[in-house]
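The values are calculated or read from the model by the stated rules, or taken from the named source; none is laboratory data. Keep in mind the model is a prediction, meaning the values are calculated, not measured. Virtual Cβ from ideal backbone geometry, glycine too; neighbours counted across all protein chains shown.
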Amino acid sequence: MSSASSTTSETQQIMDLEREFLLQNYARYPLVLERGEGCYVYDVEGNRYLDFIAGIGVNALGHNHPRIVRVIREQAGLLIHSSNLYYHRYQGALAKRLAEVSGLQRSFFANSGTEAMEGALKMARAHGNKVGPDKFEILSIENSFHGRTLGALSITGQPKYRHDFEPLLPGVTFLPQNDIAALESAFSERTAGIVIEWIQGEGGIYPISDEYGRKARALADRYNALLIFDEIQCGVGRPGKWFGYQLANPVVLPDILVAAKPLACGLPLGVIVANERAAAAIGAGMHGSTFGGSALACRVALEFFEIMDDLLPSIRRVGDYFRARLRELGHRYPFIREVRGSGLMIGVEMTVPGKQMVLDAQARGLLINCTHENVLRFLPPYIVTEQEVDAALAILDGIFAAQPSQ
(Lines give C-alpha, C1' and ligand atoms only; values in the text may rest on other atoms or scores of the structure.)
Protein backbone atom coordinates (compact mmCIF):
# COMPACT_ATOMS: atom_id res chain seq x y z
CA MET A 1 0.00 0.00 0.00
CA SER A 2 1.37 3.43 -0.91
CA SER A 3 2.00 6.11 1.69
CA ALA A 4 -0.81 8.23 0.24
CA SER A 5 -3.25 5.32 0.45
CA SER A 6 -2.15 4.60 4.00
CA THR A 7 -2.68 8.16 5.22
CA THR A 8 -6.02 8.39 3.43
CA SER A 9 -7.04 5.21 5.24
CA GLU A 10 -5.88 6.74 8.54
CA THR A 11 -8.04 9.80 7.94
CA GLN A 12 -11.08 7.60 7.31
CA GLN A 13 -10.38 5.50 10.40
CA ILE A 14 -10.25 8.62 12.60
CA MET A 15 -13.53 9.91 11.19
CA ASP A 16 -15.21 6.48 11.46
CA LEU A 17 -14.15 6.14 15.11
CA GLU A 18 -15.83 9.45 15.95
CA ARG A 19 -18.98 8.49 14.07
CA GLU A 20 -19.22 5.31 16.12
CA PHE A 21 -18.51 6.67 19.59
CA LEU A 22 -19.19 10.44 19.72
CA LEU A 23 -22.48 12.28 19.91
CA GLN A 24 -23.28 13.27 16.34
CA ASN A 25 -23.93 16.94 17.12
CA TYR A 26 -21.11 18.41 14.99
CA ALA A 27 -21.33 18.73 11.23
CA ARG A 28 -17.56 18.47 10.83
CA TYR A 29 -15.69 19.23 7.65
CA PRO A 30 -13.86 16.17 6.25
CA LEU A 31 -10.45 17.22 7.57
CA VAL A 32 -8.26 15.66 10.27
CA LEU A 33 -5.73 18.17 11.62
CA GLU A 34 -2.39 17.06 12.99
CA ARG A 35 -0.33 20.15 13.85
CA GLY A 36 -0.02 23.90 13.36
CA GLU A 37 2.69 26.49 12.81
CA GLY A 38 2.00 30.22 12.76
CA CYS A 39 -1.02 30.93 10.55
CA TYR A 40 -0.97 27.44 9.01
CA VAL A 41 -2.27 24.02 10.02
CA TYR A 42 -1.41 20.61 8.56
CA ASP A 43 -3.62 17.55 8.21
CA VAL A 44 -2.56 13.94 8.88
CA GLU A 45 -1.69 13.59 5.20
CA GLY A 46 0.76 16.50 5.36
CA ASN A 47 -1.38 18.99 3.41
CA ARG A 48 -1.02 22.64 4.50
CA TYR A 49 -3.90 25.07 5.06
CA LEU A 50 -3.93 28.81 5.73
CA ASP A 51 -6.03 29.05 8.87
CA PHE A 52 -8.39 32.02 8.67
CA ILE A 53 -10.90 30.73 11.22
CA ALA A 54 -8.31 30.11 14.01
CA GLY A 55 -10.40 27.76 16.12
CA ILE A 56 -13.35 30.19 15.76
CA GLY A 57 -11.23 33.03 17.05
CA VAL A 58 -9.43 31.08 19.78
CA ASN A 59 -5.93 30.66 18.31
CA ALA A 60 -5.32 34.39 18.26
CA LEU A 61 -1.53 34.04 18.24
CA GLY A 62 -1.65 31.31 15.64
CA HIS A 63 -0.25 27.86 16.29
CA ASN A 64 2.85 26.82 18.21
CA HIS A 65 3.76 30.37 19.25
CA PRO A 66 7.20 30.02 20.88
CA ARG A 67 6.46 32.21 23.90
CA ILE A 68 3.16 30.46 24.62
CA VAL A 69 4.73 27.02 24.22
CA ARG A 70 7.53 28.00 26.60
CA VAL A 71 5.14 29.23 29.28
CA ILE A 72 2.93 26.13 29.01
CA ARG A 73 5.96 23.87 29.41
CA GLU A 74 7.30 25.80 32.38
CA GLN A 75 4.00 26.06 34.22
CA ALA A 76 2.99 22.44 33.53
CA GLY A 77 6.10 21.45 35.45
CA LEU A 78 5.14 23.62 38.41
CA LEU A 79 1.38 23.77 38.98
CA ILE A 80 -1.49 23.10 36.58
CA HIS A 81 -4.52 23.20 38.90
CA SER A 82 -5.07 23.87 42.57
CA SER A 83 -8.83 24.65 42.81
CA ASN A 84 -10.25 27.92 44.07
CA LEU A 85 -9.86 26.85 47.67
CA TYR A 86 -6.38 28.40 47.56
CA TYR A 87 -4.50 31.30 46.04
CA HIS A 88 -1.90 31.06 43.29
CA ARG A 89 0.34 33.69 41.69
CA TYR A 90 -1.60 34.42 38.53
CA GLN A 91 -5.32 35.08 39.11
CA GLY A 92 -4.80 38.40 40.86
CA ALA A 93 -2.22 39.56 38.34
CA LEU A 94 -4.49 38.65 35.41
CA ALA A 95 -7.50 40.34 37.04
CA LYS A 96 -5.40 43.50 37.48
CA ARG A 97 -4.44 43.43 33.79
CA LEU A 98 -8.07 42.97 32.77
CA ALA A 99 -9.08 45.92 34.95
CA GLU A 100 -6.44 48.08 33.24
CA VAL A 101 -7.55 47.27 29.70
CA SER A 102 -11.31 47.19 30.32
CA GLY A 103 -12.00 50.13 32.63
CA LEU A 104 -13.88 47.80 35.01
CA GLN A 105 -12.77 46.58 38.43
CA ARG A 106 -13.34 42.92 39.33
CA SER A 107 -12.98 39.59 37.52
CA PHE A 108 -14.32 36.07 37.90
CA PHE A 109 -12.66 33.27 35.93
CA ALA A 110 -14.59 30.47 34.25
CA ASN A 111 -13.74 27.89 31.58
CA SER A 112 -15.65 29.18 28.57
CA GLY A 113 -17.69 31.99 27.12
CA THR A 114 -21.02 30.36 27.82
CA GLU A 115 -20.05 29.80 31.48
CA ALA A 116 -19.05 33.44 31.75
CA MET A 117 -22.42 34.43 30.30
CA GLU A 118 -24.22 32.22 32.83
CA GLY A 119 -22.38 34.01 35.62
CA ALA A 120 -23.25 37.42 34.17
CA LEU A 121 -26.92 36.45 34.01
CA LYS A 122 -26.76 35.36 37.64
CA MET A 123 -25.27 38.76 38.47
CA ALA A 124 -28.13 40.52 36.71
CA ARG A 125 -30.76 38.37 38.43
CA ALA A 126 -29.13 38.80 41.84
CA HIS A 127 -28.88 42.56 41.29
CA GLY A 128 -32.56 42.69 40.40
CA ASN A 129 -33.61 40.55 43.35
CA LYS A 130 -31.98 43.01 45.72
CA VAL A 131 -34.31 45.67 44.34
CA GLY A 132 -37.45 43.54 44.31
CA PRO A 133 -38.92 40.19 43.23
CA ASP A 134 -40.35 41.57 39.98
CA LYS A 135 -37.02 42.89 38.68
CA PHE A 136 -35.83 39.81 36.76
CA GLU A 137 -36.38 40.50 33.05
CA ILE A 138 -33.49 40.37 30.57
CA LEU A 139 -33.36 42.18 27.23
CA SER A 140 -31.38 40.73 24.34
CA ILE A 141 -30.96 41.41 20.64
CA GLU A 142 -32.43 39.50 17.72
CA ASN A 143 -29.90 37.48 15.72
CA SER A 144 -27.53 37.29 18.70
CA PHE A 145 -25.60 34.26 19.91
CA HIS A 146 -24.50 33.89 23.54
CA GLY A 147 -23.77 30.20 24.11
CA ARG A 148 -25.18 26.69 24.36
CA THR A 149 -26.05 26.31 28.05
CA LEU A 150 -29.70 26.83 29.00
CA GLY A 151 -29.30 30.33 30.38
CA ALA A 152 -27.11 31.58 27.54
CA LEU A 153 -29.39 29.84 25.06
CA SER A 154 -32.40 31.60 26.58
CA ILE A 155 -30.98 34.99 25.55
CA THR A 156 -29.73 33.85 22.13
CA GLY A 157 -31.80 35.71 19.54
CA GLN A 158 -31.93 32.95 16.93
CA PRO A 159 -34.92 30.57 17.25
CA LYS A 160 -33.10 27.75 15.44
CA TYR A 161 -30.82 27.33 18.45
CA ARG A 162 -33.61 27.55 21.05
CA HIS A 163 -36.62 25.63 19.82
CA ASP A 164 -35.45 22.07 20.67
CA PHE A 165 -34.90 23.03 24.32
CA GLU A 166 -37.88 25.21 25.18
CA PRO A 167 -39.28 26.23 27.59
CA LEU A 168 -36.19 28.17 28.57
CA LEU A 169 -35.47 30.97 31.04
CA PRO A 170 -38.59 33.14 31.44
CA GLY A 171 -38.61 36.92 31.22
CA VAL A 172 -36.45 37.37 28.11
CA THR A 173 -37.39 39.90 25.40
CA PHE A 174 -35.64 40.10 22.04
CA LEU A 175 -35.22 43.48 20.36
CA PRO A 176 -34.34 44.38 16.77
CA GLN A 177 -30.72 45.50 16.50
CA ASN A 178 -30.10 49.27 16.39
CA ASP A 179 -33.81 50.11 16.80
CA ILE A 180 -33.73 52.94 19.35
CA ALA A 181 -37.50 53.22 19.67
CA ALA A 182 -37.88 49.49 20.41
CA LEU A 183 -35.08 49.71 22.96
CA GLU A 184 -36.74 52.58 24.80
CA SER A 185 -40.14 50.91 24.86
CA ALA A 186 -38.72 47.59 26.15
CA PHE A 187 -37.03 48.98 29.28
CA SER A 188 -39.06 49.11 32.48
CA GLU A 189 -38.66 48.86 36.24
CA ARG A 190 -38.78 45.04 35.75
CA THR A 191 -35.60 45.07 33.65
CA ALA A 192 -32.63 43.53 35.47
CA GLY A 193 -30.20 43.63 32.56
CA ILE A 194 -29.59 43.94 28.84
CA VAL A 195 -27.08 41.80 26.91
CA ILE A 196 -25.46 43.11 23.70
CA GLU A 197 -22.71 41.92 21.37
CA TRP A 198 -20.97 45.05 20.08
CA ILE A 199 -20.37 43.08 16.89
CA GLN A 200 -22.57 40.02 16.40
CA GLY A 201 -20.35 37.09 15.44
CA GLU A 202 -22.42 33.98 14.76
CA GLY A 203 -25.18 36.34 13.67
CA GLY A 204 -23.19 37.50 10.63
CA ILE A 205 -20.65 40.16 11.76
CA TYR A 206 -23.21 42.91 12.42
CA PRO A 207 -22.05 45.84 14.59
CA ILE A 208 -24.34 47.90 16.78
CA SER A 209 -24.27 51.65 16.33
CA ASP A 210 -22.59 53.99 18.80
CA GLU A 211 -25.95 55.67 19.28
CA TYR A 212 -27.60 52.37 20.22
CA GLY A 213 -24.84 51.57 22.71
CA ARG A 214 -25.10 55.00 24.32
CA LYS A 215 -28.89 54.72 24.59
CA ALA A 216 -28.61 51.27 26.18
CA ARG A 217 -26.16 52.71 28.73
CA ALA A 218 -28.48 55.62 29.55
CA LEU A 219 -31.55 53.40 29.90
CA ALA A 220 -29.71 50.89 32.09
CA ASP A 221 -28.75 53.76 34.39
CA ARG A 222 -32.30 55.17 34.40
CA TYR A 223 -33.89 51.83 35.31
CA ASN A 224 -31.12 50.51 37.60
CA ALA A 225 -30.35 47.62 35.27
CA LEU A 226 -26.99 46.09 34.34
CA LEU A 227 -25.55 46.65 30.87
CA ILE A 228 -23.73 43.46 29.78
CA PHE A 229 -21.50 43.36 26.72
CA ASP A 230 -20.77 39.95 25.24
CA GLU A 231 -17.17 40.30 24.05
CA ILE A 232 -16.56 36.57 23.62
CA GLN A 233 -15.95 36.80 19.88
CA CYS A 234 -15.64 40.53 19.21
CA GLY A 235 -13.31 41.36 22.11
CA VAL A 236 -9.82 40.88 23.52
CA GLY A 237 -8.05 42.46 20.56
CA ARG A 238 -10.12 41.02 17.72
CA PRO A 239 -11.66 44.37 16.60
CA GLY A 240 -8.35 46.25 16.78
CA LYS A 241 -9.18 47.50 20.29
CA TRP A 242 -9.09 45.51 23.48
CA PHE A 243 -12.89 45.30 23.42
CA GLY A 244 -15.62 46.06 20.92
CA TYR A 245 -17.24 48.73 23.08
CA GLN A 246 -13.99 50.71 22.91
CA LEU A 247 -14.68 51.32 19.22
CA ALA A 248 -17.34 53.86 20.25
CA ASN A 249 -16.40 57.52 20.54
CA PRO A 250 -16.73 58.24 23.38
CA VAL A 251 -16.35 54.73 24.82
CA VAL A 252 -19.57 53.16 26.16
CA LEU A 253 -18.57 51.41 29.36
CA PRO A 254 -20.68 48.41 30.46
CA ASP A 255 -21.38 47.20 33.96
CA ILE A 256 -20.24 43.70 32.96
CA LEU A 257 -18.29 42.26 30.07
CA VAL A 258 -17.83 38.58 29.33
CA ALA A 259 -14.88 37.30 27.30
CA ALA A 260 -13.18 34.03 26.51
CA LYS A 261 -11.97 32.82 23.12
CA PRO A 262 -8.40 34.18 22.69
CA LEU A 263 -7.58 34.74 26.36
CA ALA A 264 -5.43 31.65 26.94
CA CYS A 265 -4.46 30.90 23.33
CA GLY A 266 -6.32 27.59 23.13
CA LEU A 267 -6.55 26.64 26.79
CA PRO A 268 -10.08 26.91 28.27
CA LEU A 269 -10.52 30.25 30.02
CA GLY A 270 -13.47 32.58 30.24
CA VAL A 271 -13.95 35.70 32.34
CA ILE A 272 -16.56 38.03 33.75
CA VAL A 273 -15.23 41.53 34.34
CA ALA A 274 -17.55 43.81 36.30
CA ASN A 275 -17.71 47.21 37.93
CA GLU A 276 -18.16 47.48 41.67
CA ARG A 277 -21.96 47.92 41.41
CA ALA A 278 -22.43 44.71 39.45
CA ALA A 279 -19.82 42.75 41.42
CA ALA A 280 -21.63 43.59 44.66
CA ALA A 281 -24.53 41.40 43.55
CA ILE A 282 -22.48 38.22 44.07
CA GLY A 283 -21.43 37.36 47.60
CA ALA A 284 -19.56 34.45 49.16
CA GLY A 285 -20.90 31.06 48.06
CA MET A 286 -23.23 32.43 45.37
CA HIS A 287 -21.10 31.37 42.41
CA GLY A 288 -18.03 29.28 41.73
CA SER A 289 -16.01 27.12 39.34
CA THR A 290 -13.94 24.00 39.91
CA PHE A 291 -11.58 24.50 36.98
CA GLY A 292 -11.93 28.23 36.31
CA GLY A 293 -8.80 30.34 36.60
CA SER A 294 -6.20 27.58 36.83
CA ALA A 295 -2.57 28.54 37.30
CA LEU A 296 -1.74 27.24 33.82
CA ALA A 297 -4.51 29.11 31.96
CA CYS A 298 -3.97 32.36 33.87
CA ARG A 299 -0.21 32.37 33.34
CA VAL A 300 -0.69 31.77 29.60
CA ALA A 301 -3.23 34.62 29.49
CA LEU A 302 -0.75 36.98 31.15
CA GLU A 303 1.83 36.09 28.49
CA PHE A 304 -0.84 36.66 25.82
CA PHE A 305 -1.46 40.20 27.12
CA GLU A 306 2.26 41.00 27.07
CA ILE A 307 2.49 39.88 23.46
CA MET A 308 -0.68 41.78 22.55
CA ASP A 309 0.73 45.15 23.59
CA ASP A 310 2.71 45.19 20.35
CA LEU A 311 0.07 43.51 18.17
CA LEU A 312 -2.93 45.86 18.39
CA PRO A 313 -1.63 48.33 15.75
CA SER A 314 -1.00 45.52 13.25
CA ILE A 315 -4.47 44.07 13.87
CA ARG A 316 -5.94 47.40 12.78
CA ARG A 317 -3.55 47.79 9.84
CA VAL A 318 -3.91 44.30 8.42
CA GLY A 319 -7.65 44.28 9.08
CA ASP A 320 -8.11 47.52 7.15
CA TYR A 321 -6.04 46.09 4.30
CA PHE A 322 -8.04 42.84 4.23
CA ARG A 323 -11.42 44.60 4.13
CA ALA A 324 -10.25 47.01 1.44
CA ARG A 325 -9.07 44.14 -0.75
CA LEU A 326 -12.33 42.24 -0.17
CA ARG A 327 -14.29 45.32 -1.24
CA GLU A 328 -12.22 45.39 -4.44
CA LEU A 329 -13.39 41.84 -5.09
CA GLY A 330 -16.93 43.05 -4.39
CA HIS A 331 -16.67 45.45 -7.33
CA ARG A 332 -15.88 42.52 -9.62
CA TYR A 333 -18.34 39.96 -8.25
CA PRO A 334 -21.91 41.31 -7.96
CA PHE A 335 -23.03 38.53 -5.61
CA ILE A 336 -20.89 40.15 -2.88
CA ARG A 337 -23.38 42.39 -1.12
CA GLU A 338 -21.34 43.86 1.74
CA VAL A 339 -18.04 43.58 3.60
CA ARG A 340 -18.41 44.21 7.35
CA GLY A 341 -16.39 44.12 10.51
CA SER A 342 -13.55 45.70 12.41
CA GLY A 343 -9.95 44.68 12.90
CA LEU A 344 -9.58 40.99 12.15
CA MET A 345 -13.28 40.15 12.57
CA ILE A 346 -14.65 40.26 9.03
CA GLY A 347 -17.79 39.07 7.29
CA VAL A 348 -18.60 39.01 3.57
CA GLU A 349 -22.34 38.91 2.98
CA MET A 350 -23.40 37.43 -0.35
CA THR A 351 -26.60 36.91 -2.30
CA VAL A 352 -25.65 33.24 -2.80
CA PRO A 353 -25.05 30.39 -0.31
CA GLY A 354 -21.55 30.08 1.09
CA LYS A 355 -21.32 26.43 2.23
CA GLN A 356 -19.80 25.12 -0.99
CA MET A 357 -17.36 28.05 -1.07
CA VAL A 358 -16.07 26.95 2.34
CA LEU A 359 -15.46 23.45 0.99
CA ASP A 360 -13.86 24.84 -2.18
CA ALA A 361 -11.56 27.02 -0.08
CA GLN A 362 -10.53 24.03 2.02
CA ALA A 363 -9.73 22.07 -1.15
CA ARG A 364 -7.45 24.95 -2.21
CA GLY A 365 -5.72 25.27 1.16
CA LEU A 366 -7.74 27.96 3.00
CA LEU A 367 -9.86 27.41 6.12
CA ILE A 368 -12.84 29.76 6.63
CA ASN A 369 -16.45 29.19 7.60
CA CYS A 370 -19.92 30.42 6.77
CA THR A 371 -22.57 31.72 9.13
CA HIS A 372 -26.20 32.59 8.42
CA GLU A 373 -25.98 30.54 5.20
CA ASN A 374 -24.53 33.39 3.15
CA VAL A 375 -21.91 35.24 5.23
CA LEU A 376 -18.31 34.12 4.87
CA ARG A 377 -16.61 34.68 8.21
CA PHE A 378 -12.90 35.43 8.61
CA LEU A 379 -11.22 35.32 12.04
CA PRO A 380 -7.51 34.99 11.20
CA PRO A 381 -4.81 34.93 13.88
CA TYR A 382 -3.65 38.32 15.11
CA ILE A 383 -0.16 37.59 13.77
CA VAL A 384 -1.38 37.42 10.15
CA THR A 385 0.50 39.53 7.60
CA GLU A 386 -0.55 41.34 4.42
CA GLN A 387 1.27 38.63 2.45
CA GLU A 388 -0.86 35.90 4.01
CA VAL A 389 -3.98 37.99 3.37
CA ASP A 390 -2.91 38.20 -0.28
CA ALA A 391 -2.55 34.42 -0.42
CA ALA A 392 -6.08 34.00 0.99
CA LEU A 393 -7.47 36.58 -1.44
CA ALA A 394 -5.94 34.76 -4.42
CA ILE A 395 -7.77 31.60 -3.35
CA LEU A 396 -11.04 33.49 -2.82
CA ASP A 397 -10.70 35.21 -6.19
CA GLY A 398 -10.44 31.83 -7.89
CA ILE A 399 -13.48 30.52 -6.02
CA PHE A 400 -15.56 33.62 -6.77
CA ALA A 401 -14.58 33.52 -10.44
CA ALA A 402 -15.87 29.95 -10.68
CA GLN A 403 -19.36 30.86 -9.47
CA PRO A 404 -22.17 30.65 -12.02
CA SER A 405 -23.25 33.98 -13.51
CA GLN A 406 -25.94 35.62 -11.41
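Worth pointing out:
- Counting only strands (runs of 3 or more DSSP E) that sit completely within the range 216-324, those holding 2 or more residues that are in the same structural domain as Asn129 (by TED's automatic domain parsing) and either free of Cβ contacts under 8 Å to residues at least 24 places away in the same chain or over 30 Å from His81 (Cβ atoms) (or both) correspond to 226-230.
- Qualifying residue in the range 357-366 (condition: touching a residue at least 24 places away in the same chain (Cβ under 8 Å), surrounded by fewer than 23 Cβ atoms within 10 Å (Cβ to Cβ) and part of a loop (DSSP other than H, G, I, E, B)): yes
- Qualifying positions in the range 154-178 - farther than 24 Å from Asp134 by Cα and without any contact (Cβ under 8 Å) to a residue 12 or more places away in the chain: Pro159, Lys160, Arg162, His163, Asp164
- Residue tally, condition farther than 18 Å from Ala54 by Cβ, not charged (D, E, K, R) and not in a strand (DSSP E or B), over the range 325-353: 9
- All of Ile14, Ile56 fail the test of being under 30 Å from Phe145 (Cβ atoms), assigned by TED's automatic domain parsing to the domain that holds Gln362, in contact with a Leu (Cβ under 8 Å, 6 or more places away or on another chain) and assigned to a helix (DSSP H, G or I), apart from Ile56.
Residue-by-condition table, conditions (1) in a helix (DSSP H, G or I); (2) assigned by TED's automatic domain parsing to the domain that holds Met123; (3) over 23 Å from the mean Cα position of the chain (by Cα):
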position	(1), (2), (3)
Leu139	no, yes, no
Arg148	no, yes, no
Thr156	no, yes, no
Tyr161	yes, yes, no
Asp164	yes, yes, yes
Pro170	no, yes, yes
Ser185	yes, yes, yes
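- Filtered by the rule that a residue be in a strand (DSSP E or B) and either over 27 Å from the mean Cα position of the chain (by Cα) or of a type in the set (Ser, Thr, Tyr) (or both), the range 187-197 gives a lone residue, Thr191.
- Residue selected from the range 10-54 under the condition polar (S, T, N, Q) and touching a residue at least 12 places away in the same chain (Cβ under 8 Å), by the criterion surrounded by the fewest Cβ atoms within 10 Å (Cβ to Cβ): Asn47
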